[in-house]
Structures are given as C-alpha cells and as structure tokens.
Amino acid sequence: MKKIFAKIWGLIVLFIVVTIVFMYVLTDYLYEQLYVEDTEASMIEVGDKLQTKYKGGKVTDALIAEIEDYNTYSNLDVFAVRNPRELSACVPFEIDYDTLIGPNERQHLLQGESVTKIGYEERFQRQIISVIFPLVDQNRLEGIIYIYYPLAKITELANEEVLLLIGSAIIFSCILAAFVYQGIKHILRPLKELQSAVEKMSNGEYSTRVNVSSKDEMGKLSEAFNEMAAAIEREDDQQKTFLATVSHELRTPISYVKGYGEAIQKNYIEGKEREQAMNLIVREAERMERLTNELLELVRGSNENTAVEFYPIVLSETVREAIRLLKNQADSKDIHFVTSFDEQIIVEGNEEKLKQIFINVIENAIRYSNNDSKISILTKMMKDNAVIEITDQGIGIPDKDLPHITERFYRVKKARSRADGGSGLGLSIVEQLVKQHKGNLTIQSEVGKGTKVTINIPMMEEL
Ligand code: ADP
C-alpha cells in the first residue's frame with residue numbers, strides 16, 4: 001500500500017514541478033515578448049519622430065542639441081553623433097564600433113532602416129537594448145541617433161504584489177498538498193481494508209466481509225470481493241455438510257458390520273439368527289460398497305478436467321441393456337416393463353455414463369413402486385433432442401420435496417429409502433451425468449400415482 005501511496009504522491013509532486021517549470025518558461029517568454037518588445041516599440045517610435053528633425057545636409061550642433069534635449073523629459077537615453085565612433089565618448093559604457101555597426105548594419109542604415117541591438121552590459125549588470133537610427137542624405141550616412149535603455153531584470157519586475165502572490169501560492173500549495181495527502185489516504189483506505197480481508201480469507205476466515213462505502217471502481221471491487229467471499233463460505237459449508245453426511249452414512253453400516261461381526265466371532269448368536277446376522281453384514285457391506293462407488297462417481301463427475309470420451313451410441317440398445325441388468329430386481333417385485341423405442345435415435349455420448357443414468361432412474365422406479373405394477377420406458381425424437389421418459393406407478397414424491405431430490409443425500413423418507421438400499425446420491429449423479437451430455441433432467445410426480453422422469457439429450461449432429 002505504501003508503494004501505491006508513494007506513486008500517487010510522486011505523481012502529484014511531479015505534476016506540480018512540471019507546472020512550475022512551465023510557468024517559469026511561460027513567464028520568461030512573456031517577458032521577452034511583452035516587456036522587451038514593448039520597450040523596443042516605444043524606442044522606435046521616439047527615434048522615428050526625432051529622425052524627422054533632420055532635414056538633410058550636415059548634422060549641425062543645433063540639431064544635435066535639439067535631439068539630445070529629449071533626454072530631459074524621457075527615461076530613454078538619446079544621443080546624436082556625426083561619426084558613430086564618437087559614441088564611445090557619450091555613453092557611460094564601452095562600445096565596440098565594429099560590432100555595433102558592422103557591414104550588415106551599415107547596409108540597413110544606408111537604406112534608412114533602424115538597427116536594434118540587445119546585449120549584456122557588465123557595468124549595469126543587466127541587458128541593454130539599443131536602437132540606431134540613421135541620418136542619411138543622398139546615400140551618405142551623415143550621422144546617427146542612438147537610443148539605449150537598460151532593461152529591468154525579471155526579478156525587478158516582480159513587485160511587492162507579485163511577491164505576495166508567490167507567497168500565497170506557496171501557502172496555498174502547502175494546504176492543497178495536505179488535502180491531497182488526506183484525499184489519497186481516504187481513497188486508499190478501502191484498498192487497505194481489502195488487503196487485510198484477503199489475508200484473513202487466506203487464513204480460512206471465510207465470514208470476512210468489507211464495507212462497501214462507494215459506488216466507484218473501489219466500491220465495485222469491494223462488492224465483488226464480498227460476493228466471492230460469500231461463494232467461498234457457501235462452498236466451504238457445503239463441503240463440511242457433505243463430509244459430515246458421508247461420515248454419518250458410513251457410520252451406520254460400519255456399526256452393523258462391527259456389532260454383528262463381533263457377535264458371530266464370540267459365538268453370541270447361533271443357528272438361524274447367526275445366518276440372519278451374516279446376511280445383514282453382507283447387505284451392509286454391499287451398501288458401503290455402493291456408497292463409496294457413488295461417491296467416487298460424484299467426485300469424478302464434478303471434476304471438470306476429467307475427460308469423458310464421447311462417441312455415437314444407439315440409444316435404444318443402451319436403455320435395453322440397463323433394463324436387462326435390472327430385470328431380476330423388477331421380477332422380484334412382479335414389476336413389468338412396457339417399452340417403446342425409436343430405434344433411429346443416435347446420440348453422442350459415453351455408453352457407460354448413459355447406462356448409469358438409466359440404471360439409477362429405473363432402479364428408483366422399481367424401488368419406489370409397489371409390487372405388481374408397471375414401469376413404462378419410452379424413447380422418442382423431439383426436434384434435435386432425444387427424449388427418454390421413465391414413468392412408474394409408485395408412491396410418488398411430495399411437491400415440497402420435488403425441488404430438492406437431486407441434491408446430494410436428499411431422501412424423501414430416510415428410513416424407507418435406506419431400507420431399500422438408497423443413499424440419496426442416485427439422482428445427483430444422474431443430474432451431473434445428464435449435464436455432461438449437455439442435456440437436462442425433469443421430474444414430475446404425484447403422491448400415490450407415480451413419477452415420470454424425462455431426460456433430454458441432444459441428438460448427434462448429422463455430418
Ligand atoms: P436414493 O438412492 O435414496 O434413491 P436418489 O437421489 O436416487 O436417492 O433419490 C432421492 C430421493 O428421491 C429418494 O430417496 C426418494 O425418496 C425420491 N425418489 C427418487 N425416485 C423416485 C421415484 N421414482 N418415486 C418416488 N420417489 C423417488
């Protein structure tokens with residue numbers, strides 16, 4: 001956090017420095033443009049007027065006096081000389097004639113144009129601007145008017161008001177910096193809160209939430225964090241419940257097996273009772289086997305990385321195979337199957353997984369049907385889907401339970417379905433496998449009348 005703070009702070013300082021540098025350059029430019037140009041313009045104006053006093057011929061002393069008289073009521077220094085070399089004697093600083101009026105300047109002067117010079121003068125410790133005006137007669141330079149003015153330094157231009165302005169600007173900048181400092185701290189506070197919340201989450205404190213105090217990006221981030229934390233907490237709760245249920249489900253058969261096993265081992269039970277106990281042990285062991293297999297199936301199915309091989313499958317054959325495997329179970333309850341298959345239906349799927357779907361659903365139909373009843377199994381095409389309907393005349397499912405029966409370990413009547421060998425995982429597995437086949441599962445049921453399970457699976461696309 002300190003780093004971000006330093007970066008933002010640095011950025012603002014950089015911004016201020018750049019602004020100051022820019023202002024300095026701008027002021028310098030304005031000084032040049034406005035002050036210097038303005039001075040030159042007024043010097044030229046004066047020079048032009050003084051030039052008009054010369055009417056040609058020799059430059060007389062009277063003319064020189066008349067021109068220099070201007071000095072008495074102007075802050076410009078004006079000199080008129082016949083020979084520019086005499087200038088050095090007039091002005092209070094050194095003038096190098098050759099640099100002042102070189103061949104170029106001479107050319108301009110002969111054409112009647114003025115020449116402007118700006119140079120630093122050691123004696124005054126400042127820049128001096130001078131303009132030379134020619135007094136020309138018949139292409140002869142009879143004399144010059146020389147006007148000069150020591151330019152004020154930029155610091156001298158800054159009068160008291162300006163200093164006051166700079167002072168207050170500095171104070172204002174300091175106050176502003178303090179506000180900016182507090183502002184950055186305020187903006188970064190939720191980020192800090194988020195950072196410590198993330199640390200708490202990684203330590204397993206999934207109930208951690210952060211305050212959402214704004215609607216900006218930071219607020220959205222906080223909201224997203226809270227949603228993520230809630231999802232992780234939910235998942236963690238589900239995981240815990242799942243583990244608790246699994247251990248509970250395994251504990252019952254284990255205690256049966258252990259109890260009856262010990263009784264047999266210590267010869268506490270004899271004869272028929274002993275045989276019954278052995279049957280019970282086998283039944284419970286089978287239940288555990290089934291439960292662990294189903295759990296494995298669920299875990300495998302929920303692992304999205306597990307690659308399942310899909311290939312074209314003739315649906316009716318797979319359904320027939322499932323029925324064949326459950327024939328004995330159905331016969332033992334005098335339940336008969338009524339089937340109607342569309343032999344043309346080919347789906348893209350995994351045979352083992354599809355068989356597992358049908359076995360689970362048909363087994364439920366047998367398990368929750370009364371003796372001597374009928375189970376109808378039908379396959380048909382509907383648009384691009386293969387539809388499989390399994391309808392029984394069993395006990396049915398109450399409306400309040402219907403939305404939950406595909407949840408893990410959910411059983412309508414725990415005692416009955418357990419006695420029937422049900423674990424409450426069958427339909428969760430079916431739902432997961434149907435999803436893997438990009439299909440969907442719907443269950444309609446009426447208590448006392450029966451249940452209809454409908455499975456839709458997309459048909460194989462024709463090549
Ligand atoms: P189980 O292994 O207990 O059958 P399932 O997940 O397959 O678990 O089914 C969940 C519950 O839904 C069952 O315990 C049962 O109460 C109810 N159920 C499922 N199929 C039927 C059905 N065909 N008729 C009546 N109830 C059913």
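The values are calculated or read from the model by the stated rules, or taken from the named source; none is laboratory data. The model shown is predicted, which means the values in this text are computed figures rather than measured ones. Using ideal geometry, Cβ is built from the backbone for each residue, glycine included, and neighbour counts are taken over all protein chains shown. Note: accessible area is taken over every heavy atom of the protein model, side chains too, but ligands, DNA and RNA are not part of it. Shrake-Rupley method; radii C 1.70, N 1.55, O 1.52, S 1.80 Å.
Okay, here's what the table says:
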{"read-out": "Residues of the range 390-409 that turn out to be open to solvent by 40 Å² or more (accessible area, probe 1.4 Å), in contact with a helix residue (DSSP H, G or I) (Cβ under 9 Å, 6 or more places away or on another chain) and over 19 Å from residue 335 (Cα atoms), as a count", "value": "2"}
{"read-out": "From the options 363, 389, residue that is closer than 15 Å to residue 433 by Cβ and of a type in the set (D, E, K, R)", "value": "363"}
{"read-out": "Selected residue (only one of 285, 277 is out of contact with any Asp or Glu (no Cβ under 9 Å at 6 or more places or on another chain), under 18 Å from residue 425 (Cβ atoms) and more than 16 Å from the ligand (Cβ to nearest atom))", "value": "285"}
{"read-out": "Scope the range 83-107; condition touching a residue at least 24 places away in the same chain (Cβ under 8 Å), over 23 Å from residue 126 (Cα atoms) and surrounded by fewer than 17 Cβ atoms within 10 Å (Cβ to Cβ); matching residues", "value": "83, 106"}
{"read-out": "Test: residue in the range 67-75 that is open to solvent by less than 50 Å² (accessible area, probe 1.4 Å), among the aliphatic types (A, V, I, L, M) and in a loop (DSSP other than H, G, I, E, B)", "value": "no"}
{"read-out": "Residue pairs meeting the criteria (Cβ under 9 Å; at least 6 apart or on separate chains; first under 23 Å from residue 250 (Cβ atoms), in the range 423-448; second within 9 Å of the ligand (Cβ to nearest atom) and part of a strand (DSSP E or B))", "value": "427/443; 427/453; 430/453"}
{"read-out": "Members of the range 368-398 found to be in contact with a Ser or Thr (Cβ under 7 Å, 6 or more places away or on another chain) and on the phi > 0 side of the Ramachandran plot, listed by number", "value": "396"}
{"read-out": "Only listed residue being modelled with pLDDT under 85 and either in a helix (DSSP H, G or I) or assigned by TED's automatic domain parsing to the domain that holds residue 356 (or both), chosen from 286, 273, 262, 297", "value": "297"}
{"read-out": "Residue in the range 426-448 that is surrounded by fewer than 16 Cβ atoms within 10 Å (Cβ to Cβ), within 16 Å of the ligand (Cβ to nearest atom), under 42 Å from the mean Cα position of the chain (by Cα) and in a helix (DSSP H, G or I) present", "value": "yes"}
{"read-out": "Of all residues making up the range 408-425, the number that are within 18 Å of residue 294 (Cα to Cα), near the ligand (Cβ under 9 Å from one of its atoms) and either among the hydrophobic types (A, V, I, L, M, F, W, C) or modelled with pLDDT of 90 or more (or both)", "value": "2"}
{"read-out": "Verdict on residue 298 being surrounded by fewer than 18 Cβ atoms within 10 Å (Cβ to Cβ), more than 24 Å from residue 380 (Cα to Cα) and hydrophobic (A, V, I, L, M, F, W, C)", "value": "yes"}
{"read-out": "Unmet requirement for residue 63, which otherwise passes all of (1) part of a helix (DSSP H, G or I); (2) touching a residue at least 24 places away in the same chain (Cβ under 8 Å)", "value": "(2)"}
{"read-out": "Residue 385 being in the same structural domain as residue 441 (by TED's automatic domain parsing), under 24 Å from residue 315 (Cβ atoms), within 12 Å of the ligand (Cβ to nearest atom) and of a type outside the set (A, V, I, L, M)", "value": "no"}
{"read-out": "The range 124-157, residues that are open to solvent by 30 Å² or more (accessible area, probe 1.4 Å) and at pLDDT below 80", "value": "124, 153, 154, 155, 156, 157"}
{"read-out": "Number of the condition not met by residue 264 [criteria: (1) within 56 Å of the chain's Cα centre (by Cα); (2) more than 16 Å from the ligand (Cβ to nearest atom)]", "value": "(1)"}
{"read-out": "Single residue of 214, 173, 196, 207 found to be of a type in the set (Gly, Ala, Ser) and either in contact with an Asp or Glu (Cβ under 9 Å, 6 or more places away or on another chain) or open to solvent by 80 Å² or more (accessible area, probe 1.4 Å) (or both)", "value": "207"}
{"read-out": "Among (1) within 16 Å of the ligand (Cβ to nearest atom); (2) out of contact with any helix residue (DSSP H, G or I) (no Cβ under 9 Å at 6 or more places or on another chain) - the single one residue 340 does not satisfy", "value": "(1)"}
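Conditions (1) open to solvent by less than 70 Å² (accessible area, probe 1.4 Å); (2) touching a residue at least 60 places away in the same chain (Cβ under 8 Å), marked per residue:
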{"position": "322", "(1), (2)": "yes, no"}
{"position": "334", "(1), (2)": "no, no"}
{"position": "341", "(1), (2)": "yes, no"}
{"position": "347", "(1), (2)": "yes, yes"}
{"position": "361", "(1), (2)": "yes, yes"}
{"position": "366", "(1), (2)": "yes, no"}
{"position": "371", "(1), (2)": "no, no"}
{"position": "379", "(1), (2)": "yes, yes"}
{"position": "383", "(1), (2)": "no, no"}
